[in-house]
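Colleague: Quick one: this structure, given as structure tokens, is what I'll be asking you about.
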Amino acid sequence: MSRLVIILVLSAACVFCNEANDKGSAREEKLRSALIDAFQNIKKASDGLEDDLIGSVNPNSSRNEKVKEDSFDLFADEDGLSFSEGFEKESRTTSSTEKSHNVQHIKTIKAEKTTLIPKDKSEPIRPNNETRIPMKLEISNDTDLIGLESLLRIIDGEILVAQWSSLRNTVEGQCRDDLQEYVDGLKDRTLWALKMEDASGRYTSMFYWGNNYWTGSAELCQILNEQHTPRSISNRSSGSQIFNDWRQDVSMSGLGPPFDTAFYNVRMAVTTDLHDIIKTRRTIHLGLCLPRACTREQIADLVNGVHAPLLHHNVVTVRSPEHGGYSYINDPTFQILLGVSCVVSVLLITATIYDVMIAREVRARRRRVNNMAAVENGNTLTGLDAITVAKGKSMYNVNNNIAINSNNSEERLTGETASTDEEIKLSVWSELLLSFSMKANILQIFDQSVGSDTVPVVHGLRCLSMVWVIFGHTCIVVFKYADNTALRAILEKSFWFQLIISAVYSVDTFFCLGGMLVTFLYFRTNAKGKLDRLTKGRRKITAGLLQFFGLLGYRFARLTAPYLFMLGVVEVTMKWFAHNAVFEPPALDHETCPRYWWRNLLYINTLFPVDQMCMLWSWYLSDDTQFYAVSAILLILATSHFKLSVILTGVFFVSSLFTTGYVSWSSEHIPNSEDPFTQFDKIYDKPWTRLGPYLVGMATGWILFKTNLKIRMGRVWAGAGWAACAGTLLLLVFGLYRAELGAASAAAHSALSHSLWAACVAWVIVACSTGYGGWVRTLLSAPVLYPFSRVTYCAYLVHPVVLRYVAMHLTHPIHLGEMLVFVLFLGLTVISYFLAFIISVAFEAPIVTMLKIVSPQKKPHRV
């Protein structure tokens with residue numbers, strides 16, 4: 001019977017071969033492969049005889065065993081013929097069709113027990129890569145792949161096994177030995193090898209949605225190095241049994257590999273000759289769980305040696321957290337940070353204890369005086385401890401737990417708790433130590449009042465602008481590490497997405513506020529004669545130079561302590577991220593900060609190329625400090641030559657506008673809603689293109705000083721001003737929505753938009769400060785915003801570090817969604833402000849207090 005079946009099959013094969021002669025050698029090869037497999041299965045089912053046509057059969061197979069599955073996985077071609085999907089190591093060309101690709105035809109020798117029968121001959125059955133690993137491979141070069149999973153395969157378990165004979169020459173040493181064990185484990189389908197394959201990344205979905213992160217699971221790869229045994233559970237109740245079944249289902253128990261594993265993130269450039277499938281070069285991040293003995297260079301050589309079915313790939317870099325190579329303990333920058341943190345911590349604790357002791361002694365002395373006076377006058381005391389008089393002496397107990405009303409102004413609090421000569425006389429060193437008192441600094445930050453020289457509406461504008469900055473930066477970071485980055489192309493078409501793009505204007509608000517406060521406070525201080533202490537009895541030029549260097553010195557001391565500390569934090573964290581994170585860091589601060597940190601310290605980093613900038617967001621501090629130096633010259637000049645100062649201010653303003661417009665026009669910069677940071681190094685961060693809003697703020701400060709915050713205008717004019725302001729702000733935020741600008745209009749927009757925004761902010765300040773703000777003034781001047789406003793500077797320094805920390809601890813890309821982005825934004829804002837309070841109390845507030853101690857208008861310490 002079996003011989004008859006064989007004869008019939010061979011006869012049918014001859015007929016098919018004769019009919020296929022006109023279709024080319026490629027068709028014959030497919031038919032021959034399928035017929036050989038069919039012959040193998042028929043013979044195996046009939047008499048169980050072993051055959052050596054395509055390899056050896058399991059000798060233990062029973063004679064009566066029935067085959068329930070074909071010995072290959074079926075894919076249907078355009079004519080309905082089913083053939084196996086495969087991959088090959090070497091390139092071979094076919095002459096029958098232009099669509100023939102170099103692949104390997106994979107055949108399994110041992111038949112599986114599960115039957116896979118296609119409902120339709122044209123419907124392919126895909127191989128189950130998690131349970132079936134081929135035992136023996138045969139090469140075929142003419143198989144057309146169908147399905148995106150097949151087109152986008154680069155390296156996986158099947159390809160590694162199929163091409164191992166050539167790939168083993170790309171590695172050597174222990175790496176080759178461990179990889180050989182891994183390949184053998186895949187062939188034998190051992191659990192630890194399947195887990196390693198499962199931990200490696202591969203194409204899953206959303207390739208055309210921007211998913212370039214095929215990361216796999218770094219956690220699973222790492223946990224394979226631990227031996228996990230199933231825990232015995234004595235409680236057999238239904239609830240615990242459910243969890244027990246779940247634990248068994250996830251297969252976290254079992255022996256690990258015979259070698260240590262490591263997770264490698266391979267970044268590669270991918271192209272293909274099929275431009276209809278992939279039109280441009282894509283950058284793919286592929287996660288691989290492989291033996292730890294392999295170096296990053298060996299993994300790069302291994303992946304480069306793979307012949308993918310259709311893709312052309314070139315490894316750019318390989319990252320491996322297990323091969324970090326960076327120890328922060330040995331980093332001098334970290335050692336300096338650790339030393340500074342220890343010293344500051346000791347100062348904070350010591351100063352706080354000293355402050356509490358002095359406050360207790362001061363209140364005890366005051367109560368003693370008050371009690372004695374009350375006893376002598378025969379008055380009845382309320383709220384104090386009982387006092388008795390015995391033998392002419394007053395006996396009393398002092399209650400030291402009297403709270404201070406923190407709702408008073410800073411001046412009143414300081415005056416009430418000042419240490420006088422009659423009570424406790426403090427030396428300069430004692431006052432400097434008390435500058436680190438956490439108690440005093442916290443009270444100062446949370447004080448719900450403002451001084452007489454402060455414009456309250458500034459606090460609200462600071463807070464809103466800072467939140468807007470955090471929101472914009474959050475969106476930038478999550479877009480970078482998302483598996484659906486194409487979502488941005490959809491969101492950009494949304495009207496409300498302009499709120500994210502327009503976050504760039506929040507920096508112009510800071511520039512305007514900075515120029516306004518500098519000018520307003522300088523003229524007020526000069527009008528009170530407080531600057532005469534530095535310039536009295538000196539020539540005008542000498543006095544001007546002293547004022548200039550005094551202002552710059554104050555600015556440098558005020559900003560540098562927390563700034564320098566955060567520079568060190570950024571350098572250390574980015575070095576750690578660069579060597580230990582699964583994803584690549586968003587910037588090269590681990591390279592630029594060690595070389596160019598001195599530029600940040602001198603606030604000149606925006607004068608150099610952006611690719612050399614350390615701590616990218618510090619561009620604002622650099623520009624603002626440079627603007628501060630320009631404003632100091634103009635203000636000092638205005639005290640003696642006011643008209644000349646005004647003329648120079650106007651020249652600077654007009655020059656900034658024309659320079660910005662010319663740079664935009666010459667570089668063909670077209671502002672749009674897709675990328676507001678285009679031409680960052682030419683337009684966005686350069687001081688000569690961002691000076692306009694600062695000069696607008698200076699003009700606003702002079703108006704407020706000249707009018708003494710008292711301007712009278714009719715309700716019609718006030719309403720017209722608010723209408724014009726609101727219309728301009730809305731136009732700037734949403735004006736680019738679906739707008740197409742020409743070269744001239746784009747240059748005009750780049751030149752005028754930032755200054756127009758500052759002009760609108762100036763109107764809000766003037767209107768709210770002179771009684772025409774309405775509910776806007778109530779909102780922006782709310783006392784609850786004061787503490788957040790006082791730590792705005794530290795929040796600006798800290799929040800990008802928090803964003804990077806969250807992103808660099810991801811092991812999988814983020815799937816973007818509106819609610820997810822909003823929740824991330826809220827969480828990052830809370831964490832950023834919490835850390836900002838700590839940095840402010842430790843570094844910023846002590847410096848501010850020290851400057852008050854050494855300043856001409858010295859204030860006593862608050863105890």
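The values are calculated or read from the model by the stated rules, or taken from the named source; none is laboratory data. Computed from a predicted structure; not experimentally measured. Neighbour counts run over all protein chains shown; Cβ positions are idealised from the backbone, glycine included. Accessible surface areas use protein heavy atoms only, side chains included; no ligands, DNA or RNA. Shrake-Rupley method; radii C 1.70, N 1.55, O 1.52, S 1.80 Å.
Colleague: If you bin every alpha carbon distance in the range 715-815 into 10 Å steps from zero, what whole percent lands in each bin?
Modeller: Taking every Cα pair in the range 715-815, the percentages come to 12, 26, 27, 27, 8, 1.
Colleague: Let me ask something else about it. Highest first, please rank the peptides 193-206, 343-356, 777-790, 758-771 by the mean number of other Cβ atoms sitting within 10 Å of their residues. Walk me through the intermediate numbers first.
Modeller: Numbers: 193-206: 19.6, 343-356: 15.2, 777-790: 17.4, 758-771: 22.0.
Peptide ranking by packing, descending: 758-771, 193-206, 777-790, 343-356.
Colleague: Then there is this: With the other protein chains left in place, how much accessible area per residue, in square angstrom, belongs to the range 614-701 at a 1.4 angstrom probe?
Modeller: Roughly 41 Å² per residue, with all protein chains present.
Colleague: Once you've got the Cα coordinates, tell me which of 643/710; 528/706; 493/686; 643/706; 530/852; 528/852 are over 19 Å apart.
Modeller: 643/710; 493/686
Colleague: Given R₀ = 35 Å, FRET efficiency for residue 275-residue 662 by Cβ-Cβ distance, to 0.05?
Modeller: In this case the efficiency is close to 0.35.
Colleague: Further question: Provide the packing ranking of 804-816, 714-726, 513-525, i.e. peptides ordered by the mean count of other C-beta atoms within 10 Å per residue, highest first.
Modeller: Ranking, from highest mean packing down: 513-525, 804-816, 714-726.
Colleague: In units of 2.2 N^0.38 Å, what is the alpha-carbon radius of gyration of the range 542-641?
Modeller: Against the empirical 2.2 N^0.38 Å value, I get 1.33 for the range 542-641.
Colleague: Right, something else. Enumerate the amide H contacts of residue 262 below 5 Å, restricted to partners 5 or more residues apart or on another chain; note that Pro and chain-start residues carry no placed amide H.
Modeller: Residues meeting the amide H criterion: 290, 292.
Colleague: Return the whole-Å distance between the Cα centroid of the range 564-589 and the Cα centroid of the range 454-530.
Modeller: Using only Cα atoms, the two centres lie 25 Å from each other.
Colleague: What list of ³J(HN,Hα) couplings, whole Hz, do you get for the range 699-704 from phi and the Karplus terms 6.51, -1.76, 1.60, once you set θ to phi - 60° and write x for glycine and proline?
Modeller: Along the range 699-704, the couplings run 4, 5, x, 5, 4, 5 Hz.
Colleague: Now for a different question. How far apart, in nm, are the 7 Å Cα→Cβ label points at residue 486 and residue 745?
Modeller: Between residue 486 and residue 745, the simple spin-label model gives 3.0 nm.
Colleague: Show the residues, 5+ positions off or on another chain, whose built amide H is closer than 5 Å to the amide H of residue 482.
Modeller: Sorted by chain and number, the residues that satisfy this are 814.
Colleague: So who's got an amide H within less than 5 Å of the one on residue 272, skipping anything under 5 residues away but keeping other chains? H placed 1.01 Å off N, in plane.
Modeller: Residues meeting the amide H criterion: 312.
Colleague: Could you calculate the contour length gain from residue 549 to residue 591, that is, 0.36 nm times the residue separation minus the distance between their Cα atoms, to one decimal place in nm?
Modeller: Contour length minus Cα-Cα distance gives 11.8 nm.
Colleague: Oh, and also: Take each of the peptides 653-660, 820-827, 456-463, average the number of other beta-carbon atoms within 10 Å over its residues, and list them starting from the highest. Before the final figure, lay out the partial values.
Modeller: Working: 653-660: 17.6, 820-827: 14.6, 456-463: 22.0.
The most tightly packed comes first, giving 456-463, 653-660, 820-827.
Colleague: Calculate, in nm to one decimal, what residue 612 and residue 283 gain on full extension: separation in residues at 0.36 nm each, minus their alpha carbon distance. Before the final figure, lay out the partial values.
Modeller: Values: separation 329, 0.36 × 329 = 118.44 nm, distance 2.38 nm.
Gain on extension, residue 612 to residue 283, equals 116.1 nm.
Colleague: Taking the Cα atoms of the range 500-576, what is the range of coordinates along each of the three principal axes, in descending order and whole Å?
Modeller: Projected onto its principal axes, the Cα set of the range 500-576 covers 55, 31, 19 Å.
Colleague: Also, quick follow-up: Could you tell me the center-to-center distance, by alpha carbons, between the range 762-802 and the range 610-633 in angstrom?
Modeller: If you average the Cα positions of each part, the centres end up 22 Å apart.
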